[in-house]
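Since the structure comes first, as structure tokens, the remarks are kept for the end.
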Amino acid sequence: MKIIADENMPNAKALFSHLGDVELVNGRTITNSQIKNADVLLVRSVTKVTRELLEGSSVRFVGSATIGVDHIDLDYLTEAGIEFSSAPGCNAEAVADYVFSGLSHLYMTKKLSWLNKKIGVVGYGNVGKTVYDRFTNLGCQVCVYDPFKDNEAGAANFVALDEILSCDVISLHAPLTTTGSFPSKGMIGSKELAQLSAGTAVISAGRGGVIDEEALLERHSQLNGDIHLVIDVWDAEPEINQDLVSIVDIATPHIAGYSKQGREKGTWMVYQALCRHLAISSQSVSKSDAISSGWLSSIDVVASGDQEEILARSVQAIYDVARDDVRLRFKYRENKENNVFDWLRKHYVERDEFNTCAVGAINNDVSSLVCAVGFSRK
């Protein structure tokens, strides 16, 4: 069996080699000729899996080690009888970590207080729910907009989009869609951005294109820069809007879900799905072998007092998002790579998830506070 896999899928050779011959390729530039004789195609979000890519090939299984499927032509896969599996939820913890690292950066650099403010979440899928639950566990006033989930009685505090836009912190986790009753493409446009107040913090860690970037630049100017922006996803990836980069607090190359464990979970989930497709056992590789532990297994918080500073310092001990922002700006300024955006993703400096680190604290209240943001308890 021939398996073509994106070279940025961690552990792909280690996990899949006992099933067949694994060839690693550039996911952005995969062609029909490369996969023509393959039985299995394993991708990430940079590969557009379309009729043009697959037609005439021998591929019978496509796996995407990602939570989103907007890069997959699901209708064609069904028509062609090709089985598909993705990895929903694999990087939910990682993206939530990114959100709180972004807020920690804003607090430590600009003293932006968020813990007792109104929080709005857009999208209540695996990621949005994880983010929502963490804010709720911290005691924040949280609401969420998701027109596809708002009939789930008691699940969350569902509100209209207009109410989200009045929040102090807005965290975007919607998939990118262009059809249906509620297309998300350009969902946050000029009309919506006009409702943002000065001092609002916006974190975009879902899909590029949900925010109208030109409208965001205009609103930033109208507010005289008094808006806090943490942007991970971009409308024209891998080309990114350098005018927008120049005004945001944090700019990163679509890596919110790029924790070591989140990426490994994505590969692991696709591996299990392929084993089911082949009707063989996946037990030859254990989950503990497939997913790493963290570099820092525990920390002790000996301070009390300012809760936001305790959270920020704890979060940054495991993941400080500013390092990714600095690296992006430096590499674009240096401009030595053919494609800086994809180079940054391919050569990403690995980070661990908060949950790989157990927290001990000066008292139970501090311990509960830090664990609410995603850490394990000692």
> What full-extension length gain, to one decimal in nm, is calculated for Leu223 and Ser246 as 0.36 nm per residue of separation minus the Cα-Cα distance?
Replying inline: 6.7 nm
>> Starting from 0.36 nm per residue, how many nanometres of slack lie between Gln283 and Val159 once their C-alpha separation is accounted for?
In response: 40.3 nm
>> Can you tally the lysine pairs in segment 229-378 where the Cα-Cα distance is under 18 Å and the two residues are eight or more apart, or on different chains?
In response: 6
> Which value in nm describes the separation of the simple spin-label points at Ala236 and Asp70, placed 7 Å from the Cα toward the beta carbon?
Replying inline: 1.7
>> Counting only other residues whose beta carbon sits under 11 Å from that of Arg313, what net charge do I get with K and R as +1, D and E as -1?
In response: -4
>> If you take every residue apart from Lys185 with its C-beta less than 11 Å away from the C-beta of Lys185, what net charge results, scoring Lys and Arg +1 and Asp and Glu -1?
In response: -2
>> To test your reading of the geometry: what angle, between 0 and 90 degrees and rounded to tens, separates the Cα axis of helix 307-318 from the longest principal axis of the chain?
In response: 30
>> Give the aspartates and glutamates reachable from Lys13 as a straight Cα distance under 20 Å; neighbours fewer than 8 places away on the same chain don't count.
In response: Asp21, Glu23, Asp39, Glu264, Asp289, Glu350
> Based on the Cβ-Cβ distance of Ser197 and Glu309, what FRET efficiency does E = 1/(1 + (r/R0)^6) give at R0 = 35 Å, to the nearest 0.05?
Replying inline: 0.90
> Taking only protein heavy atoms and a 1.4 Å probe, what accessible area per residue, in Å², does segment 316-356 have with all protein chains in place?
Replying inline: 51
>> Order Arg333, Arg60 by their accessible area, 1.4 angstrom probe, all chains in place, largest first.
In response: Arg333, Arg60
>> Over the chain, with a Gaussian network built from C-alpha contacts below 10 Å, which listed residue (Ile35, Ile82, Ile255) shows the highest mean-square fluctuation?
In response: Ile82
>> Tell me the carbon and sulfur percent of the accessible area for segment 130-210, rounded to whole percent, probe radius 1.4 Å.
In response: 50
>> On a 1.4 Å probe surface of the protein chains, which of Phe148, Phe341 comes out largest in accessible area, and what is the full order?
In response: Phe148, Phe341
> Accessible area per residue, 1.4 Å probe, Å², for segment 94-193: what's the number?
Replying inline: 41
>> Compute the helix-to-body angle for 322-334: its Cα long axis versus the longest principal axis of the chain, expressed 0 to 90° and rounded to tens.
In response: 70
> Rounded to a whole number, what % of the accessible area of segment 227-314 do carbon and sulfur atoms account for, probe 1.4 Å?
Replying inline: 47
> How many nm separate the modelled label positions at Ser58 and Arg323, each set 7 Å beyond the Cα in the direction of the Cβ?
Replying inline: 4.4
> Along the Cα-to-Cβ line of Thr29, 7 Å from the Cα, sits a label point; which residues in segment 223-247 have backbone N less than 16 Å from it?
Replying inline: 238-239
> To the nearest 10 degrees, how steep is helix 213-222 against the longest Cα principal axis of the chain, on a 0 to 90 scale?
Replying inline: 10
>> Suppose we look only past 22 Å in the calculated P(r) of segment 36-120. What percent of the Cα-Cα pairs does that tail hold?
In response: 45
> Which residue, His254, His71, His228, has the most motion in a Gaussian network model of the chain that connects Cα atoms within less than 10 Å?
Replying inline: His71
> Looking only at segment 306-321, which residues have a backbone nitrogen under 16 Å from a spot 7 Å from the Cα of Asn116 in the C-beta direction?
Replying inline: 306-311
>> Could you compute Rg(Cα) / (2.2 N^0.38 Å) for segment 224-357, with N its residue count?
In response: 1.32
>> Given a 10 angstrom Cα cut-off, can you work out which residue in Asp21, Asp232, Asp325 is the most mobile in a GNM of the chain?
In response: Asp21
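The values are calculated or read from the model by the stated rules, or taken from the named source; none is laboratory data. Values in this document were obtained by computation on a predicted structure and should not be read as measured data. Positions of Cβ are generated from backbone atoms using ideal geometry, with glycine treated the same way; all protein chains shown enter the neighbour counts. Protein only, heavy atoms only, side chains kept; ligands, DNA and RNA dropped before computing areas. Shrake-Rupley method; radii C 1.70, N 1.55, O 1.52, S 1.80 Å.
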